[in-house]
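First comes the structure, then the notes that go with it.
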Amino acid sequence: MALSSETIDHVTLQHLVEAGAVKAADVVGQPGGWGIVIKYGMVERALAARRGAIRTFSRFETLVSYLKEIGISQFFVNASNYDPTNKKTHRPDSAVRMKRTFDAAEHDKWFRDQVEEGIRQADDPNAVWVSNEEVEARGAQRRAAWTKQAKERVA
């Protein structure tokens, strides 16, 4: 039995279970793991991963725990196409991608903290405001000093 190309996501499945609309669940063996087909109303849909591809569980125990957590404790198993020797391999760039994701999340947290601190300081009644003209004048003085230092180094 092939998995359906039409899918549902985790949130939709949770809502269907809560509404009592799930008629049956089939656990379907495939090369490298297990998929889930949910039957509700007159349709069957495969459970999708976050990126839209059909979700595959490499361990049967993990799949059973997942189904029990969302409220499905009875299901049918079709292991005719299950092949444990054909495991999916992780993409070689996974570690790099995950590091970038964590780095981005860390930077986002830092940035948000900086914005909150800036807002807090701006809302402080003792905050001292500087005019744009004064900032530009200070900048011009600094640039002139740097230019003078650069000329002195060359000479």
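When you go through Asp103, Asp124 one by one, which is the residue that is out of contact with any Ser or Thr (no Cβ under 6 Å at 6 or more places or on another chain), of a type outside the set (Phe, Trp, Tyr), surrounded by fewer than 10 Cβ atoms within 10 Å (Cβ to Cβ) and at pLDDT below 95?
Matching residue, one of Asp103, Asp124: Asp124.
Taking the range 56-67 on its own, how many of its residues are in a loop (DSSP other than H, G, I, E, B) and either within 21 Å of the chain's Cα centre (by Cα) or among the aliphatic types (A, V, I, L, M) (or both)?
Counting residues in the range 56-67 that are in a loop (DSSP other than H, G, I, E, B) and either within 21 Å of the chain's Cα centre (by Cα) or among the aliphatic types (A, V, I, L, M) (or both) gives 2.
Residues in the range 70-79: is at least one on the phi < 0 side of the Ramachandran plot, in the same structural domain as Ala19 (by TED's automatic domain parsing), at pLDDT below 95 and assigned to a helix (DSSP H, G or I)?
For the range 70-79, residues on the phi < 0 side of the Ramachandran plot, in the same structural domain as Ala19 (by TED's automatic domain parsing), at pLDDT below 95 and assigned to a helix (DSSP H, G or I): present.
Of all the strands (runs of 3 or more DSSP E) wholly in the range 1-55, which have at least 1 residues that are polar (S, T, N, Q)?
Qualifying strands (runs of 3 or more DSSP E): 22-30.
So, in the range 33-47, exactly how many residues are surrounded by fewer than 17 Cβ atoms within 10 Å (Cβ to Cβ) and under 24 Å from the mean Cα position of the chain (by Cα)?
Qualifying residue count, the range 33-47: 0.
Looking at the structure I just gave you, is Met98 closer than 22 Å to Asp9 by Cβ, surrounded by fewer than 12 Cβ atoms within 10 Å (Cβ to Cβ) and assigned by TED's automatic domain parsing to the domain that holds Gly20?
no
The values are calculated or read from the model by the stated rules, or taken from the named source; none is laboratory data. In this text, all values refer to a predicted model and were calculated from it rather than measured experimentally. Note that we place each Cβ from the backbone using ideal geometry, even for glycine, and neighbour counts take in every protein chain shown.
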